[in-house]
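Colleague: Quick one: the structure is below, and I'll ask about it shortly.
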Amino acid sequence: MADRHRSARRHRHRLPVQHAREEEAAVSRSRTQGSPRLRVPLVSLLAALVAASAVLLGAGSAQAAGYRYWSFWEGNGKNWEYATQGPSLLRPDDGTVQGFRFAVSEDSGDADQPRRAPDFGAICADTPAKDGRKRVALVIDPGTTTDAPDGENPPALRTACAQVAPDASSAEALAAVAKPLRYDDSAMLCAISGYPKSGCGEQVSGDSGSAKPSEPAKTTGDQDKGEGSDGGGPSVGLLVGIGAVLLLGIAAVVQARRRR
């Protein structure tokens, strides 16, 4: 009888240990069985993140499209400012500096400046003042091979000092030193000194570099950009958007692991 009681007491002492082991085994099975269910949403989440990043990067590529044209600039003594009037309308004063830059840009906000400082004294040093005439310094920058139309090479950047009548427009000053000029039906300046041979404000695809005829972007407002800068590259907004998508994905993964 005493042996049976001792056996029963030993059996009761084993129960907590056995229960603990059984509970541990049950939890392990639950985790093992739950993993496949968690992996499916995580895979879907990662796929969605990849797709969202691709869309954002695609948007950045689309923003790279622009227009190929001659932009018109005015010197303020130190820097270049995007002209608010076209060369056929603007009538510069004696001693002013004006610039023309051929490049691909979306609008006046990202247009490339002439790659020569607007220095009237240096440009017109060999052209003395003359009564009844005015001097206009010009910087003519055909741009780089990246912006050139297919099959054409841009000529070298050059400067010139035009000496014209007091009421002459910027277009007339340019014609005095850089013929032949070419315009389209809307009086848009298409070529300076014969460059480029064809095309006028055509839209350029950001993906393939191909161009198609199109109206040029509106060119209003001022722009202040360092010399020699070509712009381009993903915008800050695009990079912030990609970072936000990735952070949301990381947070979702962490939350899913905590729930396990």
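Colleague: Working only within the range 180-205, note down all residues that are open to solvent by 40 Å² or more (accessible area, probe 1.4 Å), in a loop (DSSP other than H, G, I, E, B) and closer than 18 Å to L138 by Cα.
Modeller: Selection gives P180, S193.
Colleague: Of all residues in the range 144-175, which are over 22 Å from S88 (Cβ atoms), acidic (D, E) and surrounded by 14 or more Cβ atoms within 10 Å (Cβ to Cβ)?
Modeller: Listed by number, the residues that qualify are D147, E152.
Colleague: Is it the case, given these coordinates, that A125 is of a type in the set (A, V, I, L, M, F, W, C), more than 12 Å from A173 (Cβ to Cβ) and either at pLDDT below 95 or in a loop (DSSP other than H, G, I, E, B) (or both)?
Modeller: yes
Colleague: Do you know which residues across the range 148-179 are more than 24 Å from V204 (Cβ to Cβ), polar (S, T, N, Q) and without any contact (Cβ under 8 Å) to a residue 40 or more places away in the chain?
Modeller: Once the filter is applied, which keeps residues that are more than 24 Å from V204 (Cβ to Cβ), polar (S, T, N, Q) and without any contact (Cβ under 8 Å) to a residue 40 or more places away in the chain, the range 148-179 yields only Q163.
Colleague: Go through (1) within 26 Å of M188 (Cβ to Cβ); (2) surrounded by fewer than 21 Cβ atoms within 10 Å (Cβ to Cβ); (3) touching a helix residue (DSSP H, G or I) at 6+ places or on another chain (Cβ under 9 Å) for N79 and report which single condition fails.
Modeller: (3)
Colleague: For A103, indicate whether it is aliphatic (A, V, I, L, M), within 17 Å of R68 (Cα to Cα) and surrounded by 20 or more Cβ atoms within 10 Å (Cβ to Cβ).
Modeller: yes
Colleague: Moving on. Can you find a residue in the range 131-143 that is of a type in the set (D, E, K, R) and surrounded by 24 or more Cβ atoms within 10 Å (Cβ to Cβ)?
Modeller: Taking every residue of the range 131-143 in turn, at least one turns out to be of a type in the set (D, E, K, R) and surrounded by 24 or more Cβ atoms within 10 Å (Cβ to Cβ).
The values are calculated or read from the model by the stated rules, or taken from the named source; none is laboratory data. Worth saying up front: this structure is predicted, and the values here are computed from it rather than measured. Please note: Cβ atoms are built from the backbone with ideal geometry, for glycine as well, and neighbour counts cover all protein chains shown. Areas reflect the complete protein model, heavy atoms only, side chains present, ligands, DNA and RNA absent. Shrake-Rupley method; radii C 1.70, N 1.55, O 1.52, S 1.80 Å.
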